[in-house]
Structures are given as C-alpha cells and as structure tokens.
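Down below is the structure, laid out as structure tokens.
The values are calculated or read from the model by the stated rules, or taken from the named source; none is laboratory data. Keep in mind it's a predicted model, so treat the numbers as computed, not measured. Neighbour counts are summed over all protein chains in view; Cβ atoms, including those assigned to glycine, are modelled from backbone coordinates with ideal geometry.
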Amino acid sequence: MKAGREAAFRSVGATLVIKEAQRRLDALAAESVTALRSASIPCLMLRGPAIARWLYDDSSERAYEDVDLLIPVSAREEAAKVLLGLGLEPLLDGAAPSEQAPHAKTLIGEAGTVDLHWTLKGVGVQPEAVWAALGEDAEELSLAKASIRVAAPGARALLELIPELA
C-alpha cells in the first residue's frame, strides 16, 4: 500500500508540474500575441494549447514545451523585434545563417520559448502559401485572458500527425 501511495503522489506531482509549465507558456503565448497584435502583426498559434485543448478534456494529458506562432514572412523582422521587446532573446543570436533554421526563429526567456515561424519545415511551397492555407477558416481560442487565432481543425490535425513540420 505504501508503494501505491508514493506512486499516486508522484503522479499528482508530475501533473502539477506539467500544469504549471503550461500555465507559464499560456501566459507567454497571450503576452506575445497581444504584443504582436498591438504592432499590427497577425499571428496564428500552431500547436501547444491549440492541440491540447482541442483533443483532451484535461490539457495536461498533452504536454507542450514551447509556443509555436506563425506570422506572415513579410513581418518576420518586425515580429522578432516585438518579442525582443518582451525580454525574449534569440537562441542562436550571432550564429551563421547556415546554422539557423530556415523556417523559424527561436526566442527564449524566463517564462519559456517562442518559436516564431514564417513557414513550416520541409514544405515545398512559398511561406505566403503556408500563411494563407493555415490562416483559412482560423478559429479563436481563449487563453490566459487573450483571444488567440488557431488553425482550423484540418490544419491542426496535420500539425499533430506530422509534428516535425512545426
């Protein structure tokens, strides 16, 4: 019986750690989206809570480790500046272009990591086409006192089935 109790406490502890990490990432997502909107930069959440809240009754059953936001390719420099203004820092600042991802910029801070995407890894279309396709029929998700656009269910399913894209 003692081992069963210890396992139950470990399970509860792990769930609380996941929920706290998700709460911090949700707040970071809300702050990032709000700042981007204030700068007139549209964005779309790709994964994380967009998937967890869609597929699971308890979002802690689908942990996420970062915030994936898609922005129009034309806004990538301005969007990065906005997120730098929030105290985030580029993960690979100063790295050679060949060492940086061709589809996203990773920014890190105390609350977590934001992957700022202008396209998806490995897709064979222009970034503008990715933005148009994923933004079509986008829905709103209420998250940490913010309304965040998320891709339509079909696009979310694709992102969940092929996680390497984001």
Glu110 at pLDDT 95 or above and of a type outside the set (Gly, Ala, Ser) | no
Scan region 34-81 for residues that are among the β-branched types (Val, Ile, Thr), at pLDDT 95 or above, closer than 26 Å to Val125 by Cβ and part of a helix (DSSP H, G or I) and jot them down.
-> Val73
Cβ-Cβ under 8 Å pairs, at least 6 apart or on other chains, region 67-86 side free of Cβ contacts under 8 Å to residues at least 40 places away in the same chain, far side crowded, with 19+ Cβ neighbours inside 10 Å and basic (Lys, Arg) | Ala80/Lys105
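Quickly run through region 140-156 and pick out the residues that are in contact with a Phe, Trp or Tyr (Cβ under 9 Å, 6 or more places away or on another chain) and either β-branched (Val, Ile, Thr) or assigned to a strand (DSSP E or B) (or both).
The answer is Leu141, Val150.
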Residues of region 101-131 being within 17 Å of Ala157 (Cα to Cα) and of a type in the set (A, V, I, L, M), in sequence order, are Leu120, Val123, Val130
Mind checking whether some residue in region 94-115 is assigned to a loop (DSSP other than H, G, I, E, B), in contact (Cβ under 8 Å) with a residue 24 or more places away in the chain and within 18 Å of Ala39 (Cβ to Cβ)?
-> no
What about Val130, is it β-branched (Val, Ile, Thr) and assigned to a helix (DSSP H, G or I)?
-> yes
Within the set of pairs 6 or more residues apart or between chains, which connect a residue that is part of a strand (DSSP E or B) inside region 116-127 to a residue that is of a type in the set (S, T, N, Q) with Cβ atoms less than 8 Å apart?
-> Leu116/Thr106
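Here's a check for you: in region 121-141, which residue that is exposed (fewer than 12 other Cβ atoms within 10 Å of the Cβ) and in contact with a helix residue (DSSP H, G or I) (Cβ under 9 Å, 6 or more places away or on another chain) is nearest to Ala104 (Cα to Cα)? Can you show your working first?
Filtering region 121-141 down to residues exposed (fewer than 12 other Cβ atoms within 10 Å of the Cβ) leaves 122, 124-126, 136-137, 140.
Those left that are additionally in contact with a helix residue (DSSP H, G or I) (Cβ under 9 Å, 6 or more places away or on another chain): 122, 125-126, 136-137.
Numbers: Gly122: 12, Val125: 15, Gln126: 14, Glu136: 21, Asp137: 23 Å.
Taking the candidates together, the pick is Gly122.
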Restrict the check to region 122-142 and report whether at least one residue is over 19 Å from Ile41 (Cα atoms) and of a type in the set (D, E, K, R).
-> no
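Only one residue in Arg156, Arg149 is in contact with a Leu (Cβ under 6 Å, 6 or more places away or on another chain), touching a residue at least 40 places away in the same chain (Cβ under 8 Å) and not aliphatic (A, V, I, L, M), so which one is that? Before you say what the answer is, go through the steps one by one.
Numbers: Arg156 fails: in contact with a Leu (Cβ under 6 Å, 6 or more places away or on another chain).
Selected residue: Arg149, the only one of Arg156, Arg149 that is in contact with a Leu (Cβ under 6 Å, 6 or more places away or on another chain), touching a residue at least 40 places away in the same chain (Cβ under 8 Å) and not aliphatic (A, V, I, L, M).
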